[in-house]
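Working notes, structure below.
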Amino acid sequence: MRTVTRHQIQTVVNGEPTSVEVEPNDVLLDVLRTALGVKSPKIGCERGDCGSCTVLLDGRTVRSCLVLAVEADAHEITTVEGIEHDGLTAVQEMLIEQSSFQCGFCAPGIVLAAAELIELVPRPTADEVREAIAGNLCRCTGYESIVDAVLAATGSGTSATSRGASS
């Protein structure tokens, strides 16, 4: 009988140094939700297709269902809770103001995708926003209200839909 060697990993989760023991095949999503109690990354497809489990790993979006927890050792992980320093971000406020979500299941992944985009491109175009959130599936919206909210939050203007043109 083969024994599984557990690994102690050191990481920073939402600004807090964290140490947790993991098995070699534990995925980051499960460790965040179960061992660390961080619930914003959602369990969706578990294949990296839906974006529900999106987190920032050293500032870049990753699907936490596809990342082994041991790969996060010595790295910084940010979930939607970690980007809210003094309340909601401008993007979150605009998403709420514009009623961009119905059920909200996809919201954490979309918010993190938008945060990464804005870090790279402070005043993105509508096409850049669409590309940034493309890996996040939402069954409730047509995405335009999400795009409009990100554009409004960054002062980048409005999408074609909000100007009255068809998309």
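The values are calculated or read from the model by the stated rules, or taken from the named source; none is laboratory data. From a predicted model like this one, the values you see are computed outputs, not experimental measurements. Positions of Cβ are generated from backbone atoms using ideal geometry, with glycine treated the same way; all protein chains shown enter the neighbour counts.
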Q | Residues satisfying the stated conditions in the stretch 94-110, i.e. under 11 Å from Val80 (Cα atoms) and either aliphatic (A, V, I, L, M) or in contact with a helix residue (DSSP H, G or I) (Cβ under 8 Å, 6 or more places away or on another chain) (or both) | A | Ala107, Pro108, Ile110
Q | Residue ID - surrounded by the fewest Cβ atoms within 10 Å (Cβ to Cβ), chosen from residues in the stretch 137-167 that are at pLDDT below 70 and of a type in the set (Ser, Thr, Tyr) | A | Ser166
Q | Among the residues listed as Ala113, Ala126, Ala90, the single one being over 19 Å from Arg60 (Cβ atoms), in contact (Cβ under 8 Å) with a residue 60 or more places away in the chain, in contact with a helix residue (DSSP H, G or I) (Cβ under 6 Å, 6 or more places away or on another chain) and surrounded by 14 or more Cβ atoms within 10 Å (Cβ to Cβ) | A | Ala90
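Does Ser40 count as surrounded by 21 or more Cβ atoms within 10 Å (Cβ to Cβ), within 30 Å of Ala149 (Cα to Cα), hydroxyl-bearing (Ser, Thr, Tyr) and out of contact with any strand residue (DSSP E or B) (no Cβ under 8 Å at 6 or more places or on another chain)?
In short, no.
For every residue, the table says whether it meets (1) under 13 Å from the mean Cα position of the chain (by Cα); (2) in the same structural domain as Cys138 (by TED's automatic domain parsing); (3) at pLDDT below 95.
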| position | (1), (2), (3) |
| --- | --- |
| Glu21 | no, no, no |
| Ile43 | yes, no, no |
| Ser52 | yes, no, no |
| Asp58 | yes, no, no |
| Glu71 | no, no, no |
| Ile77 | yes, no, no |
| Phe101 | no, yes, yes |
